[in-house]
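Engineer: Sharing a structure here in structure tokens format.
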Amino acid sequence: MPEEQQPQSPVKPKTTTLITSEDLEVSDVSNIFFSMLADVKLFYNYNYQEGTQSA
């Protein structure tokens, strides 16, 4: 049985278990990050989009 693939994060933290404000700043996705925290539906849609991310 194939392993389930983990979604790729647009935030590339220096420490894999911790995302800092600096990590968010250099990723240019802080606006998306905080919008997702405030809106569960937006998070779900962003996190579970299939085949729409460019490599």
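Engineer: Just name the residue that is modelled with the highest pLDDT out of those in segment 1-54 that are among the acidic types (Asp, Glu) and more than 13 Å from the chain's Cα centre (by Cα).
Structural biologist: Among those that are among the acidic types (Asp, Glu) and more than 13 Å from the chain's Cα centre (by Cα), it is Glu22.
Engineer: Taking segment 8-49, which residues are in contact with a helix residue (DSSP H, G or I) (Cβ under 9 Å, 6 or more places away or on another chain) and part of a strand (DSSP E or B)?
Structural biologist: Thr15
The values are calculated or read from the model by the stated rules, or taken from the named source; none is laboratory data. Here the structure is a predicted model, which is why all the values come from computation and not from measurement. When we count neighbours, we look across all protein chains shown, and the Cβ atoms used for this are built from the backbone with ideal geometry, even at glycine.
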